[in-house]
Structure formats: C-alpha cells, structure tokens
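Peer 1: Have a look at the structure that comes next, please.
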Amino acid sequence: MRSIVILISGRGSNMEAIVRAALAERWSARIVAVISNRADASGLEFAAGHGIPTAVIPSKDYPTRDQFDAALREKIDGYAPDLVVLAGFMRILTTPFVDHYRGRMLNIHPSLLPSFPGLATHRQALAAGVKLHGATVHFVTPDLDHGPIVAQACVPVLEDDSEEDLAARVLEQEHVIYPRAVRWFTEGRLALEGARVRLAPAATGVPEVASVIAI
C-alpha cells in the first residue's frame, strides 16, 4: 500500500477533496500525514478529525529557505511517503528539496499551464481575454509552476466573470482532477517519459482521460 504526505498552508480544500475521495473510493493507499508551515492552518483540524496525523513546521522559525526546507524534508521523510502532494502549500521550495522528491511530488496550479504561471492567475486570464481557463496537475520541478503535466481541467471564461467567479469555477474542477491524479500515482499508472507523462490503462479496462472540460 502506497503512502501519501500532503502539505498545506491554509484550509487545504484540495487536501479535503483527496481525503474524501480516498475514503469514498477505498483507495489502496493511505494518507500518513498532513503537514503545514502554519500552525493556524484550518486544514489541520479537518485532517485530525479524519484520524490523519498532523505536524507543523513553522516557516517563520527558520531564517532561510534552506533551513526550513531541511527541517521539512526531515519531517516528511520520517513518514517514508511514496508521494508528496502540495495542496495550497504557499512556499517556494529550493532545488535540493525538489530534487529529493523528483518524480514523486505533485502540485496543482490554477491555470492551464504553461499559460499564466505564478500568482493572480485568474486576473491574468481575464486581462488576457482568454475564452478558456482551468487548472493543471503536474510533477514538481525546480522551475516554478512547470513540470510534466498529469491532468488538466478546462472551464469557460464568461463575459461578466469576476476573479472570484472564475476562481470558484476553476476550484470546483481542481477538486475533480487532483484526487484523480493522486489515485493514478498510487495505482502505479503514471510513467514519466522526459517532459511528458503517460497514463497506463486501468486494470478494469475502462478508458480514462487526463483532461476535463466543464461547460
């Protein structure tokens, strides 16, 4: 059975979606810990309420990114996870940290990468006048908001959309594709081939796709 550690900084709504999917779908995997860099992250209470061990490594206690990442890595490795999942973890991770988990750390970004990396993605999308926006699950690499793409969800951008409207529509789809991508990893169905990810067929033979279009 594969094990998962999830990193959060706040509510961790994607963490909640993953936990709920794992329970509802009876994954052959377990979430062994939820770790936050903030003691006031409300997602810690949700995790504890579901019997998941929690831990806090306060980023404010470490004067440098290297020192924080070293402490975080030590805590994560104590759980010996097969997969590390970033679910609203608001820290830029150092290259040595990312390299340590290369090929076994996933992130979700609220845009259709490679478009609109960084912050304020919904504002960027509205300013650019795109007609489609969305979210991307990808393997983490040292390049921020880059890395081999596992899954994407696409939503329409409406004429009267505000940032909040668009963000809510995208977040709904994040909660669909992120648990799906994590489950694929735990089932051993994701293969990295250079900059691309290949999804192996399910044992049931039922076809699956790595994209969602919400109209």
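Peer 1: Quickly run through the stretch 1-37 and pick out the residues that are β-branched (Val, Ile, Thr) and in contact with a Gly (Cβ under 8 Å, 6 or more places away or on another chain).
Peer 2: ILE6, ILE8, VAL34
Residues are listed down the side, and each one gets a yes or a no for (1) closer than 18 Å to ILE4 by Cα; (2) acidic (Asp, Glu); (3) buried (at least 22 other Cβ atoms within 10 Å of the Cβ):
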position: ALA87; (1), (2), (3): yes, no, yes
position: LEU93; (1), (2), (3): no, no, yes
position: GLY118; (1), (2), (3): no, no, no
position: HIS122; (1), (2), (3): no, no, yes
position: ASP161; (1), (2), (3): no, yes, no
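Peer 1: When VAL34 is evaluated against the numbered criteria (1) free of Cβ contacts under 8 Å to residues at least 60 places away in the same chain; (2) touching an Asp or Glu at 6+ places or on another chain (Cβ under 9 Å); (3) closer than 17 Å to PRO179 by Cα, which criterion, by number, is the only one it fails?
Peer 2: Going through (1) free of Cβ contacts under 8 Å to residues at least 60 places away in the same chain; (2) touching an Asp or Glu at 6+ places or on another chain (Cβ under 9 Å); (3) closer than 17 Å to PRO179 by Cα one by one, VAL34 breaks only (2).
Peer 1: Please pick out the residue among ILE76, ILE52 that is out of contact with any Gly (no Cβ under 8 Å at 6 or more places or on another chain), surrounded by 13 or more Cβ atoms within 10 Å (Cβ to Cβ) and within 17 Å of ALA17 (Cα to Cα).
Peer 2: Checking each option against the conditions leaves just ILE52.
Peer 1: Right, next: Name the single residue that is surrounded by the most Cβ atoms within 10 Å (Cβ to Cβ) among those in the stretch 124-139 being β-branched (Val, Ile, Thr) and either out of contact with any Ser or Thr (no Cβ under 7 Å at 6 or more places or on another chain) or more than 20 Å from ALA181 (Cα to Cα) (or both).
Peer 2: By that ranking, first place goes to VAL137.
Quick note: the coordinates plus some simple rules give every number you see, no bench work behind them. Model, not experiment: these values are computed from the prediction. Quick reminder, even Gly has a Cβ in these numbers, built from the backbone with ideal geometry, and neighbours come from all protein chains shown.
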